[in-house]
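Read through the structure below, which is laid out as structure tokens, and then see the notes.
The values are calculated or read from the model by the stated rules, or taken from the named source; none is laboratory data. Values in this document were obtained by computation on a predicted structure and should not be read as measured data. As a convention, Cβ positions derive from the backbone with ideal geometry for all residues, glycine included, and neighbour counts pool all protein chains shown. For the accessible areas, the whole protein counts, side chains as well, though only heavy atoms, and no ligand, DNA or RNA atoms are used. Shrake-Rupley method; radii C 1.70, N 1.55, O 1.52, S 1.80 Å.
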Amino acid sequence: MTLEQIAGIAHEPAGKATGVVVLTHGAGGSRESPLLVKICDEWASRGWLAIRYNLPYRRRRPKGPPSGSAASDQAGIVEAIELAHTLTAGPVIAGGHSYGGRMTSMVVAEEAAKVDALTLFSYPLHPPGKPERARTEHLPRIAVPTVFTHGTADPFGSIEELRNAATLIPVATEIVEITGARHDLGSKTLDVPTLAVDAALRVLG
């Protein structure tokens, strides 16, 4: 498995990497998401190799949402995590924005690939306006520390809903609240990448 095969772009640290972080995008996005670029830059500045990569559905076509592609997208996440393990003897952290984070959390819940922590951005707890359609059934099977970075105005789930969901995970979790941010986690007042990386390093211990 190579970076090209997962359509990955590496952000390299100045010296020997402490570990590897692999992050992927949301349903309408790609590895070029400004949020992913900034977060990978932040990880690299802390001495980690950070890779942002495209999910299989995005490798097949440049635009549009995933369509019945969950199984192949999850297989693509397994490939990315397995590649990360070949690049380091240190910790491996995986995650992503929205759909990408949800798919990664499902891979980890099924123990299809091994990571040391999850970092999930704007986890889509439910479709906007449909809180009864919760996407939480796999959370009790997650056995690694998990960070949720979430906007307080995200229509895919409130902070209170997220707090309740996080209690389903039987290991350490942390919620990074981005005040006023919506699903894109845009904020003029808070440094989202710094806060998210700080929290991931804390749960990693």
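Scalar couplings 3J(HN,Hα) for the stretch 57-74, obtained by applying the Karplus form with A = 6.51, B = -1.76, C = 1.60 to θ = phi - 60°, are 5, 6, 5, 7, 8, x, 9, x, x, x, 9, x, 10, 4, 5, 6, 5, 5 Hz; x denotes Gly and Pro.
Quick one: accessible area per residue over the stretch 156-205, 1.4 Å probe, rounded to a whole number of Å²? Before the final figure, lay out each step's value.
Working: 2720 Å² over 50 residues.
Normalised by residue count, the accessible surface of the stretch 156-205 is 54 Å².
Across the chain, counting alpha-carbon atoms alone, Rg and Dmax equal 15.3, 48 Å. With θ taken as phi - 60° and the Karplus curve 6.51 cos²θ - 1.76 cosθ + 1.60 applied, the whole-hertz 3J(HN,Hα) list for the stretch 194-204 is 4, 5, 5, 5, 3, 5, 5, 5, 5, 6, 5 Hz, x standing for glycine and proline.
Model label points for ARG202 and LEU87, set 7 angstrom from Cα along the Cα-to-Cβ axis, are 2.7 nm apart.
What percentage of the solvent-accessible surface of the stretch 1-89, computed with a 1.4 Å probe over protein heavy atoms, is contributed by carbon and sulfur atoms? Here carbon and sulfur together make up 55 percent of the probe-accessible area. In this label model, LEU168 and ALA75 are separated by 2.6 nm, measuring between points 7 Å along each Cα→Cβ vector. Starting from the Cα of ARG46, move 7 Å in the Cα-to-Cβ direction to define the label point; list residues of the stretch 112-149 whose amide nitrogen is under 12 Å from there. Inside the label zone: 117-120, 147.
Out of the trypsin sites (Lys or Arg not before Pro) in the stretch 140-205, which ones are loop residues according to DSSP with at most 15 other C-beta atoms within 10 Å? Here the sparse-neighbourhood loop sites are ARG182, LYS188. The fraction of Cα-Cα pairs per 5 angstrom bin, counted from 0 for the stretch 1-48, comes to 5, 20, 29, 25, 16, 5, 1 percent, rounded to whole percents.
Solvent-accessible area of the stretch 96-191 (1.4 angstrom probe, protein heavy atoms only): carbon and sulfur portion equals 52 percent.
Legend: calculated FRET efficiency, SER67 to ARG182, from the Cβ-Cβ distance at R0 = 22 Å, rounded to 0.05, equals 0.35. Mean sequence separation of contacting Cα pairs (under 8 Å, at least six apart), scaled by the length of the stretch 1-115, corresponds to a relative contact order of 34 percent.
Loop-located GluC sites (Glu not before Pro) in the stretch 89-191 (DSSP state not H, G, I, E or B) with no more than 11 neighbouring Cβ atoms inside 10 Å: GLU111, GLU132, GLU137. Label-to-label distance, ILE175 versus GLU32, with points set 7 angstrom from Cα along the beta-carbon direction: 3.5 nm. Based on C-alpha pairs under 8 angstrom that are at least 6 apart in sequence, the chain has a relative contact order of 18 percent. Shown here for the stretch 37-132: trypsin sites (Lys or Arg not before Pro) in loop regions (DSSP other than H, G, I, E, B) with at most 10 other Cβ atoms within 10 Å, namely LYS63.
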